[in-house]
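What follows is one structure encoded as structure tokens, with my remarks underneath.
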């Protein structure tokens, strides 16, 4: 243990020095050293990825995670630290805590279990390459996107890059492309250089030998990659002399091997360790590694302290079978669906909670979904327990394999609910699909958790209903109605068309979704999976209606569709629905469906400025 305690002593000296340089900060006192008996930690195991997340829940202190493995000490002081284990077994971690006064003398020991050894790495390939290929780059906005520390550590203890700190060194324009057949491309970007440590003997002709790191000109490189398990660890490996955005020592180029300490669809954390120093990298497959949505750890979040029970209905072909696999790890829930289903509501997972809401307040909701396989027909519904017709939203979302989908609803009008249920449906799944829902948040809109939900701004689509791009401009259609208050069908509502404007009169109130359906079954609008599409319409009602459904689907085939949206209309206010950049679907005849179920009596709704166009058409 000499090595780890030497490091901890150095860390304490740094903290004391920092405190001494600040005015009006109390000097360290022995009485202020935190106690091990106060340590409160959470250890969450993702059994699908063999990934463990270590979180310290205490405030005002930092953790020291200490692992003793194969006569080797591994440690980290990061909160939210992750590790990946290659081999099944029961493991332990010793935990200390520290503050500016010092580090606890004592420690606590926590154990956790990895259920299965990693036999193949198909899930890892899916995360890093998606369905075909994915581009990655250094996560310039993340603290410690490049960092270093003692050998055997997480590689952050000595130095850690702040956001954009290395902007002048050609580091951030490098693009790494991974394909699902294990091909790898390194592109040095417009700068055409790789960033090299001053102590490396590589590219010596470009080293100015001025005691500073340097940039060396290189060309695009195509090679391969692989995943290997060694002992308890998993490594990302490349052939000899493979380029990477930063080369800290010769070994990282001659025999490149990076330990994976964290992996997701948009974030990859790696360590390169030559036995003398550990270098830490964070890569992102997007512009920002921060997961979207509201803060699940905020005290604003009702879900944080909620209790719930689960109900399942898993019925391929409407024949109920055993419940799907279900695992909860904190605020993360993995649903495993071994058998395929074909229709909506054949794979239901319900969370029946003790959360209450009321009509006097507005609410926010968010959750993150990730699926092991493409799934275009996932239903997400926040509803009053026992009353399917009383809900905040019911929407269909489309998931791409191993890509995070951030579902956000902001400033929803309140509803009186004594118990709230979150209902998911995966009907239409392929066999062997695994879906994870995480970071679930339901909160009052007025409770600020510090999250800024970015305004998507302009979508850069030319929404021109009279353009020749608009397929609806020359539409031919027939109407179909289902108007059934309390499910007793009555005469069709009146519909008056005036060009690209349609007024529907609903004289009788309805109470539930799908009791006031209006279909526009086109005869001359088709779409193709080879193109992307944009949709637009404007809705205006004479009375408030919550839960209006808009669905763009195939005539006589509800399971083949572009989207299902659920919106609320305020009397005499235009609601502009825009759905740009939709993935194409092979449909020979498009059906545009509206449902006003829940409408008050004597409601008039006008639908206007309908646009359906190919995204590339901008005439």
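The values are calculated or read from the model by the stated rules, or taken from the named source; none is laboratory data. What you are looking at is a predicted structure, and each value in this text was computed from that prediction instead of being measured. Cβ: placed from backbone, ideal geometry, glycine included. Neighbour counts: every protein chain shown.
Considering only the stretch 470-483, I want to know if a residue exists there that is exposed (fewer than 11 other Cβ atoms within 10 Å of the Cβ), assigned by TED's automatic domain parsing to the domain that holds residue 537, out of contact with any helix residue (DSSP H, G or I) (no Cβ under 9 Å at 6 or more places or on another chain) and in a loop (DSSP other than H, G, I, E, B). Yes, the stretch 470-483 has at least one match.
Just to be sure before I move on: is residue 410 farther than 26 Å from residue 126 by Cα and crowded, with 18+ Cβ neighbours inside 10 Å in the structure I sent? Judged against the criteria, residue 410 is not a match.
Scanning the stretch 224-259 for residues that are modelled with pLDDT of 95 or more, closer than 19 Å to residue 52 by Cβ and in a loop (DSSP other than H, G, I, E, B) yields no hits at all.
Sort out which residues of the stretch 413-425 are under 26 Å from residue 314 (Cα atoms) and surrounded by fewer than 21 Cβ atoms within 10 Å (Cβ to Cβ), and write them in order of number.
We begin by selecting, within the stretch 413-425, every residue under 26 Å from residue 314 (Cα atoms); these are 419-425.
Of everything in the stretch 413-425, those that are under 26 Å from residue 314 (Cα atoms) and surrounded by fewer than 21 Cβ atoms within 10 Å (Cβ to Cβ) turn out to be 419, 423, 424.
Whenever a residue of the stretch 100-127 is more than 30 Å from residue 38 (Cα to Cα), its partners that are surrounded by fewer than 17 Cβ atoms within 10 Å (Cβ to Cβ), lying with C-beta atoms within less than 8 angstrom and at least six residues away or across chains, give the pairs 116/47; 116/88; 117/87; 117/88; 118/87; 123/48; 125/182. Checking 618, 599, 591, 540 one by one, the residue that is at pLDDT 95 or above and part of a loop (DSSP other than H, G, I, E, B) is 599 and no other. Between 292, 287, 262, the distinction of being closer than 30 Å to residue 364 by Cα, at pLDDT below 95 and not in a loop (DSSP other than H, G, I, E, B) belongs to 262 only. Looking at the stretch 149-176, which of its residues are within 16 Å of residue 272 (Cβ to Cβ), over 28 Å from the mean Cα position of the chain (by Cα) and in a loop (DSSP other than H, G, I, E, B)? Passing the criteria: 151, 152, 157, 158.
Restricting to the stretch 295-304, and then to whatever is in contact with a helix residue (DSSP H, G or I) (Cβ under 8 Å, 6 or more places away or on another chain) and surrounded by fewer than 19 Cβ atoms within 10 Å (Cβ to Cβ), can you tell me which residue is modelled with the lowest pLDDT? Only one residue fits best here, namely 297. Within the set 277, 271, 247, 282, the sole residue that is touching a helix residue (DSSP H, G or I) at 6+ places or on another chain (Cβ under 6 Å) and either under 26 Å from residue 403 (Cβ atoms) or in the same structural domain as residue 179 (by TED's automatic domain parsing) (or both) turns out to be 247.
Results for (1) over 23 Å from the mean Cα position of the chain (by Cα); (2) in contact (Cβ under 8 Å) with a residue 60 or more places away in the chain, shown as yes or no for each residue.
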site	(1), (2)
244	yes, yes
258	yes, no
282	no, yes
326	no, no
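On the given criteria, is residue 82 modelled with pLDDT under 90 and buried (at least 17 other Cβ atoms within 10 Å of the Cβ)? No. Among the residues that make up the stretch 487-499, is at least one of them assigned to a helix (DSSP H, G or I), surrounded by fewer than 17 Cβ atoms within 10 Å (Cβ to Cβ), at pLDDT 95 or above and assigned by TED's automatic domain parsing to the domain that holds residue 603? Checking the stretch 487-499: at least one residue is assigned to a helix (DSSP H, G or I), surrounded by fewer than 17 Cβ atoms within 10 Å (Cβ to Cβ), at pLDDT 95 or above and assigned by TED's automatic domain parsing to the domain that holds residue 603.
Table: residues versus (1) without any contact (Cβ under 8 Å) to a residue 60 or more places away in the chain; (2) surrounded by fewer than 16 Cβ atoms within 10 Å (Cβ to Cβ); (3) in contact with a helix residue (DSSP H, G or I) (Cβ under 6 Å, 6 or more places away or on another chain); (4) under 14 Å from residue 520 (Cβ atoms).
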site: 544; (1), (2), (3), (4): yes, no, no, no
site: 558; (1), (2), (3), (4): no, yes, no, no
site: 593; (1), (2), (3), (4): no, no, no, yes
site: 619; (1), (2), (3), (4): no, yes, no, no
